[in-house]
Amino acid sequence: MTPKYIPRLLLVMGLILSSCLGAFSENKQLPTIVILATGGTIAGAAGSGTQASYKSGAVTIDAMLAAIPGIKDLAKIKGEQISNVGSQDMTVHIMLTLGKRINALLAQKEVDGIVVTHGTDTLEETAFFLNLLVKSAKPVVMVGSMRPSTAVSADGPLNLYNAIGVAIDPNSRGRGVLVVMNDWIHGAHSLTKTSTTAVQTFMSPLRGLVGISSYGKNDFYNNPHWKHTTASEFETANISTLPRVDILYAYAGMPPDLIDASVAGGAKGIVIAGVGNGNMNRASLEAAARAAKKGIVVVRSSRVATGSVGRNVEVNDDELNLVASDELNPQKARILLMLALLKTRTTADIQSLFYTY
Ligand code: ASP
């Protein structure tokens, strides 16, 4: 090579080196997100794009990620399969495994956030459970989908993209467990599933949204004010199982022996999905008071979609020794009651937990 080419060669080598270093440092700066997959429709597959029936939890996390263009530009992503169930089969055991794994991962410096893929049927229960048990301010974002991965206009890929966009956002820190579905960011305390089939199924009717997520860009405008995560007194560390708590649905003519059967079956707590403001007929109220006398904690929640259940409104809770669920719907009241019963069986203490969480 003649000496006149040497400066040009050095220039070309320098450019190659700096672009390699640039790519390296860009990649190094990407946050690390761990996706914990539990199953659900987001991992579901059907025989065709328009078939209503499908199998939940048929697709692996790697296959889900492969279907999302641009996802690798957002974060360094690692996937782990915690379970592979439709969330109608979610159990306290899986929830506990998930909570413990999240706490272990978030304790690692190099993990910046967690995304949990989950079926939508019981997503609100797991979200609220984790909201009480995660011990970190780092983002924990749950996501699902209403259509399986094989459907025409599957909603899972964009939901997952947005969930990762929320999990890498420093503004998500300290807001408790968040749920991202159909561009909306919900807090774990308030969201609930409202449609059996529509893509726009999750609502936060009482407290509103935490924010909006659009193609990975977020706008936060609300902060869940209930105690959660780092401020919560509940710990996964010593829990291996939770006491049985049943939910009983109230209706006109409800037979009181449903409550007696639950007590006989070994429930340590009962949540009534009451009519209106947590009401039930006189005979059932008497059965509830009998159960309370035996040390079973009875919480009055409501089958009505919005509104809170107030203490001593139509029912004299003080006299009957019952608890009012405040803003928690029956399924979330059950989660809080199971955890509360590990600490206390005193009605007054449990009532104050319902005002706090
Ligand atoms: N049954 C499904 C589940 O909860 C529904 C869904 O994911 O949307 O796993």
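Take the range 30-48 and flag every residue that is modelled with pLDDT under 90 and buried (at least 23 other Cβ atoms within 10 Å of the Cβ). Once the filter is applied, which keeps residues that are modelled with pLDDT under 90 and buried (at least 23 other Cβ atoms within 10 Å of the Cβ), the range 30-48 yields only GLY44.
Please work out if VAL152 is of a type in the set (A, V, I, L, M, F, W, C), within 19 Å of VAL166 (Cα to Cα) and out of contact with any Lys or Arg (no Cβ under 9 Å at 6 or more places or on another chain). In short, no. When residues in the range 206-235 are screened for being under 26 Å from VAL92 (Cα atoms) and part of a loop (DSSP other than H, G, I, E, B), 9 of them pass.
The set of residues in the range 215-230 being within 24 Å of SER325 (Cβ to Cβ) and without any contact (Cβ under 8 Å) to a residue 40 or more places away in the chain consists of ASN222, HIS225. Of all the criteria given as (1) at pLDDT 95 or above; (2) in a loop (DSSP other than H, G, I, E, B); (3) more than 11 Å from the ligand (Cβ to nearest atom); (4) farther than 27 Å from ALA231 by Cα, the one not satisfied by SER145 is (3). Number of residues in the range 122-142 that are within 23 Å of ALA75 (Cα to Cα), of a type outside the set (Lys, Arg) and either surrounded by fewer than 24 Cβ atoms within 10 Å (Cβ to Cβ) or within 10 Å of the ligand (Cβ to nearest atom) (or both): the value is 2.
Taken over the range 77-107, residues that are touching a Ser or Thr at 6+ places or on another chain (Cβ under 6 Å) and surrounded by fewer than 16 Cβ atoms within 10 Å (Cβ to Cβ) amount to 1. Sub-7 Å Cβ pairs linking a first residue in the range 200-214 that is of a type in the set (D, E, K, R) to a second residue that is part of a strand (DSSP E or B), at least 6 apart or interchain, are ARG207/GLY187, ordered by first then second residue. Out of ASN238, ASN277, one residue alone is in a loop (DSSP other than H, G, I, E, B) and more than 30 Å from ILE102 (Cα to Cα). It is ASN277. You will find that of LEU248, LEU258, LEU285, the residue that is more than 21 Å from the chain's Cα centre (by Cα) and closer than 14 Å to SER301 by Cβ is LEU248 and no other.
For every residue, the table says whether it meets (1) in a helix (DSSP H, G or I); (2) more than 20 Å from the chain's Cα centre (by Cα).
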residue: MET64; (1), (2): yes, no
residue: VAL85; (1), (2): no, no
residue: LEU96; (1), (2): yes, no
residue: ASN103; (1), (2): yes, no
residue: GLN108; (1), (2): no, yes
residue: VAL115; (1), (2): no, no
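Per the listing LYS332, LYS294, the residue uniquely over 22 Å from ASP121 (Cβ atoms) and basic (Lys, Arg) is LYS294. No other residue among VAL180, VAL166 is of a type in the set (Val, Ile, Thr) and more than 16 Å from the ligand (Cβ to nearest atom) apart from VAL166. Of the helices (runs of 4 or more DSSP H) lying entirely inside the range 292-357, those containing at least 2 residues that are out of contact with any Leu (no Cβ under 9 Å at 6 or more places or on another chain) and polar (S, T, N, Q) span 347-356. Residue count for the range 49-75 under the criterion of being within 16 Å of the ligand (Cβ to nearest atom), loosely packed, with under 12 Cβ neighbours inside 10 Å and at positive phi: the result is 0.
Checked against (1) touching a residue at least 60 places away in the same chain (Cβ under 8 Å); (2) touching a strand residue (DSSP E or B) at 6+ places or on another chain (Cβ under 6 Å); (3) within 15 Å of the ligand (Cβ to nearest atom), ALA46 passes all but condition (2).
Taking every residue in the range 71-97 that is within 20 Å of VAL134 (Cβ to Cβ) and without any contact (Cβ under 8 Å) to a residue 24 or more places away in the chain and pairing it with any residue that is among the polar types (S, T, N, Q) and within 14 Å of the ligand (Cβ to nearest atom), at least 6 positions away or on another chain, the pairs with Cβ-Cβ distances below 8 Å are THR97/SER83. For VAL92, state whether it is more than 12 Å from VAL143 (Cα to Cα) and within 11 Å of the ligand (Cβ to nearest atom). Spelling it out, it is not the case that VAL92 is more than 12 Å from VAL143 (Cα to Cα) and within 11 Å of the ligand (Cβ to nearest atom).
Going residue by residue through the range 154-168, is there one that turns out to be assigned to a loop (DSSP other than H, G, I, E, B), surrounded by 24 or more Cβ atoms within 10 Å (Cβ to Cβ) and at pLDDT 95 or above? No, every residue in the range 154-168 fails to be assigned to a loop (DSSP other than H, G, I, E, B), surrounded by 24 or more Cβ atoms within 10 Å (Cβ to Cβ) and at pLDDT 95 or above. The condition of being at pLDDT 95 or above, away from the ligand (no atom under 16 Å from the Cβ) and surrounded by 20 or more Cβ atoms within 10 Å (Cβ to Cβ) holds for only one of GLY119, GLY113, that being GLY113.
The values are calculated or read from the model by the stated rules, or taken from the named source; none is laboratory data. Not measured: the values here are computed from a predicted model. Methodologically, a virtual Cβ is constructed for each residue, glycine included, from the backbone with ideal geometry; neighbour enumeration extends over all protein chains shown.
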